[in-house]
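The structure appears right after this line, and notes come after that.
The values are calculated or read from the model by the stated rules, or taken from the named source; none is laboratory data. Just so it is clear, the structure is predicted and the values come from calculations on it, not from any experiment. Glycine also receives a Cβ, built like all others from the backbone with ideal geometry; neighbour counts cover every protein chain displayed. Calculation scope for accessible area: heavy atoms of the full protein, side chains included, ligands and nucleic acids excluded. Shrake-Rupley method; radii C 1.70, N 1.55, O 1.52, S 1.80 Å.
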Amino acid sequence: MKYIMKAGTLYFNNIVSARIEGSFTGSEKKIYSANGSIIMHTDVANLEVPPNETVNVCYRQYILFDSSGNKCAVANPDYAKGDAPTVAWPLCRMPRVDHAKIVYDKNEYLLVMQNDQNYLLSDKYGKTIIQIFHRGLAGGWDIKVMNDFSPEIICGIFVFCKYIEQENEFSIV
């Protein structure tokens, strides 16, 4: 199935399937159904962190909640190969986060940021399940889904992609 994400709205065949909204501050995003009711929300949770590891993304979780507040999916971000701060901290930039392990519906997936504009979600066998590609100058995102994921789950995965991007943003002190 092919979807298009534009300005936080997920379209299938030019019909609204779901919508993402968030506040200017904070990490929580709300996911609405096509009829406008809140059906899910996402947030970033900070796990217990040792004092010397406060900036380590391995102590964060991206969480997708259903309308009752139950966890539906959990993603654990991680650093690109060779970029973990415990291995080698680059002097000219922050270590790069490029993937997250996701558990959804008792299945494990790997969300990989191929570059700033392309993402792949694959199952534990390496089979591509979702492809997310930026549409360039036209704006928005093309999303190809190979499994039966509901529009709200697709929106949740898209938000997880945005969280990975935020991990790589340069911090200004």
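Couple of notes before you dig in:
- Pairwise FRET efficiency - residue 96 versus residue 124, Cβ, R0 = 25 Å, nearest 0.05: 0.60
- Seen from all directions on average, the chain presents a Cα convex hull projection of 11.4 nm².
- For the chain, built as a Gaussian network whose Cα springs stay under 10 Å, the top-fluctuating residue of 128, 25, 42: 25
- Each of residue 166 and residue 74 was given a label point 7 Å from its Cα along the Cα-to-Cβ line. The distance between the two points is 1.9 nm.
- Solvent-accessible heavy-atom area per residue, rounded to whole Å², over the chain at 1.4 Å: 58 Å²
- Full-extension gain in nm, residue 66 to residue 52, via 0.36 nm per residue minus C-alpha separation: 1.7 nm
- With at most 11 neighbouring Cβ atoms within 10 Å, loop chymotrypsin sites (Phe, Trp or Tyr not before Pro) (DSSP) excluded, longest segment of the chain: 25-124
- Stretchable slack from residue 105 to residue 134, in nm (0.36 nm times residue separation minus alpha-carbon distance): 7.7 nm
- When only Cα pairs below 8 angstrom with a gap of at least 6 residues are kept, the chain shows a relative contact order of 19 percent.
- Pairwise FRET efficiency - residue 1 versus residue 115, Cβ, R0 = 22 Å, nearest 0.05: 0.40
- Low-density loop positions, GluC sites (Glu not before Pro), the range 23-76 - DSSP coil, at most 16 other Cβ in 10 Å: 28, 48
- Portion, in percent, of the accessible area of the range 13-133 that falls on carbon or sulfur, probe 1.4 Å: 50 percent
- Relative to the longest principal axis of the Cα atoms of the chain, the long axis of helix 151-167 makes an angle of roughly 30 degrees.
- Computed per residue of the chain from DSSP H runs no shorter than four, each worth -39500 (n - 2.57), the mean residue ellipticity at 222 nm is -3500 deg cm²/dmol.
- Cα-based convex hull, the range 93-143, per residue volume (Å³, whole number): 95 Å³
- Among 16, 159, 55, the largest mean-square fluctuation in a Gaussian network model of the chain (Cα springs under 10 Å) belongs to 55.
- Separation between Cα centres of the range 7-63 and the range 108-167, rounded to whole Å: 14 Å
- Annotation note: trypsin sites (Lys or Arg not before Pro) in the range 110-173 located in DSSP loop regions with a Cβ neighbour count of at most 12 within 10 Å are 124, 127.
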